[in-house]
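Below: the structure, in structure tokens.
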Amino acid sequence: SQTIHQWPATLVQPVGSPLSLECTVEGTSNPNLYWYRQAAGRGLQLLFYSVGIGQISSEVPQNLSASRPQDRQFILSSKKLLLSDSGFYLCAWNRGIDSGNTIYFGEGSWLTVV
Amino acid sequence: AQSVTQPDIHITVSEGASLELRCNYSYGATPYLFWYVQSPGQGLQLLLKYFSGDTLVQGIKGFEAEFKRSQSSFNLRKPSVHWSDAAEYFCAVGAGDYKLSFGAGTTVTVRA
């Protein structure tokens, strides 16, 4: 069966410091990969998605970037964190080119920028 | 582009009572529709999904949802709520591309 892991689960970082959140998917190949952010009291905002190695689509302009160095690895990064980057970050995956395919989520990473 | 509205931010229900969460979507064709549940501090778990066919969809944990094209709705229901159903619930719509659009969520509180 397929599993998705993301880490770290919790992170407290000072303003201006770098960020790296990692996500890996096991048990499948060539998945679509996603990073979502969930701010307090708000819904899920799609940040990035990737349909293949090195292929990254950004949904909103922001202080973050994403990379996919391997087929099943998706990394969310920032060079200098802002207070507004605080939130709950969710990695997700699905198969195929159709969003009718169910998206499966990781357990999430809590980021607090202080 | 597709969009989703969950009109209720917070619902409180007594244990054993019925629950209905509302979801309205905006999309020109028949969308793919999903309900997810999120326990505090955790990721999202799929409850059920609608692609086509029977408009009444059964999911896990005793939940069901009904797709009503005329009302652009996909409401989630459970006949008898358990304390463990306290969580946040998200409706989502997909339109045939790579992405899902999520509603803002409805928080369910279950009182004894």
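Just so you know, all these numbers are worked out from the coordinates, no wet-lab data involved. Quick caveat: nothing in here was measured; it's all calculated off a predicted structure. Backbone-built Cβ (ideal geometry, glycine too); neighbour counts: all protein chains shown.
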### Query
By counting other Cβ atoms within 10 Å of each Cβ, how are A:Glu22, B:Glu88 ranked from fewest to most?
A:Glu22, B:Glu88
## Note on the structure
Length gained, B:Ser84-B:Thr55, 0.36 nm per residue minus C-alpha separation, equals 7.8 nm
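Run through the DSSP bridge list for chain A and note the antiparallel percent, rounded to the nearest 5. Provide the component values of the computation, followed by the final result.
Details: 36 of 40 bridges.
Bridges in chain A that DSSP calls antiparallel: roughly 90 percent.
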### Message
Counting just the Cα atoms, what span does the protein assembly as shown cover along each of its three principal axes? Round to the nearest Å and put the largest first.
### Response
48, 38, 33
### Message
Take B:Ala29 and A:Val114, extend 7 Å from each Cα along the Cα→Cβ direction, and tell me the distance between the two endpoints in nm.
### Response
5.0
### Task
Determine, for the protein assembly as shown, the count of lysine pairs separated by eight or more sequence positions (or lying on different chains) whose alpha-carbon distance falls under 29 Å.
11
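Find, among the trypsin sites (Lys or Arg not before Pro) in segment A:25-114, those assigned to loop by DSSP (not H, G, I, E, B) with at most 16 other beta-carbon atoms within 10 angstrom.
Numbers: sites: A:Arg37, A:Arg42, A:Arg72, A:Lys79, A:Lys80, A:Arg95; in loops: A:Arg42, A:Arg72, A:Lys79, A:Lys80, A:Arg95.
Filter output for segment A:25-114: A:Arg42, A:Lys79, A:Lys80, A:Arg95.
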